[in-house]
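A short worksheet on the structure shown next.
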Amino acid sequence: MRNERYRLIGSTASPYAIKLRALMRYRRIPFDWVIMTKALRKQTEHLRPNLIPVLQYPDGTFRGESTTLAYDLEARHPERSVIPDDKAVAFVCDLLEDLADEWAVKPLFLYRWWDPEDQAHVSRWAGEEWSVSDRQRRPGSEQIVAHADMRLKRRQDAAIA
């Protein structure tokens with residue numbers, strides 16, 4: 001399995017998909033990043049809950065839920081582990097991950113839709129990514145994500161100042 005690739009199916013609008021993508025990049029687990037399409041949604045409709053990210057394993061099976069996937073990948077690929085060896089520290093890391101997974105996204109989604117400019121921007125961003133269905137994404141659509149990241153950083157900097 002070491003040389004076979006996974007397919008990570010998600011969206012740049014999903015913090016959970018981005019979390020798993022970052023983890024797989026750091027851990028150097030070979031994968032292809034694929035935006036969820038109607039056809040892929042049909043292939044994964046048996047998953048509960050049917051949310052992104054979805055990971056297609058090299059054997060063709062699909063699984064979901066980012067934290068569960070992270071632990072499964074940890075068991076399958078022990079190199080470049082993100083879990084500390086010390087059990088107490090690993091427990092604290094698990095608590096922090098759960099806290100961030102459940103609560104850090106609340107302000108993310110609040111500020112993503114907070115003012116009219118952001119609402120218009122995110123609507124275009126999500127519409128661009130999700131409307132492609134089974135077609136290729138338009139070149140340059142990554143700029144939309146970069147713009148959103150830049151606006152969020154400015155807002156965070158202003159909150160700190």
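The values are calculated or read from the model by the stated rules, or taken from the named source; none is laboratory data. From a predicted model like this one, the values you see are computed outputs, not experimental measurements. Cβ: placed from backbone, ideal geometry, glycine included. Neighbour counts: every protein chain shown.
If you scan the range 48-88, which residues turn out to be of a type in the set (S, T, N, Q) and assigned by TED's automatic domain parsing to the domain that holds Trp33? Result: Asn50, Gln56, Thr61, Ser66, Thr67, Thr68.
Are any of the residues in the range 127-134 hydroxyl-bearing (Ser, Thr, Tyr), at pLDDT 95 or above and not in a helix (DSSP H, G or I)?
No, there is no match, as no residue in the range 127-134 is hydroxyl-bearing (Ser, Thr, Tyr), at pLDDT 95 or above and not in a helix (DSSP H, G or I).
Of the residues Glu45, Glu79, Glu102, only one is of a type in the set (D, E, K, R) and either surrounded by 14 or more Cβ atoms within 10 Å (Cβ to Cβ) or touching a residue at least 12 places away in the same chain (Cβ under 8 Å) (or both); which? The unique qualifying residue is Glu79.
Residue count for the range 6-36, restricted to those that are assigned to a strand (DSSP E or B) and either of a type outside the set (A, V, I, L, M) or touching a His at 6+ places or on another chain (Cβ under 9 Å) (or both): 6.
Residue by residue through the range 60-76, note down the ones that are free of Cβ contacts under 8 Å to residues at least 12 places away in the same chain and of a type outside the set (Phe, Trp, Tyr).
So in the range 60-76, the residues free of Cβ contacts under 8 Å to residues at least 12 places away in the same chain come out as 60-61, 68, 71-72, 74-75.
Scanning the range 60-76 gives Gly60, Thr61, Thr68, Asp72, Glu74, Ala75.
Consider Leu40 against the criteria (1) in the same structural domain as Val122 (by TED's automatic domain parsing); (2) in contact (Cβ under 8 Å) with a residue 12 or more places away in the chain: it satisfies all of them except one. Which criterion is unmet? With (1) in the same structural domain as Val122 (by TED's automatic domain parsing); (2) in contact (Cβ under 8 Å) with a residue 12 or more places away in the chain applied to Leu40, the lone miss is (1).
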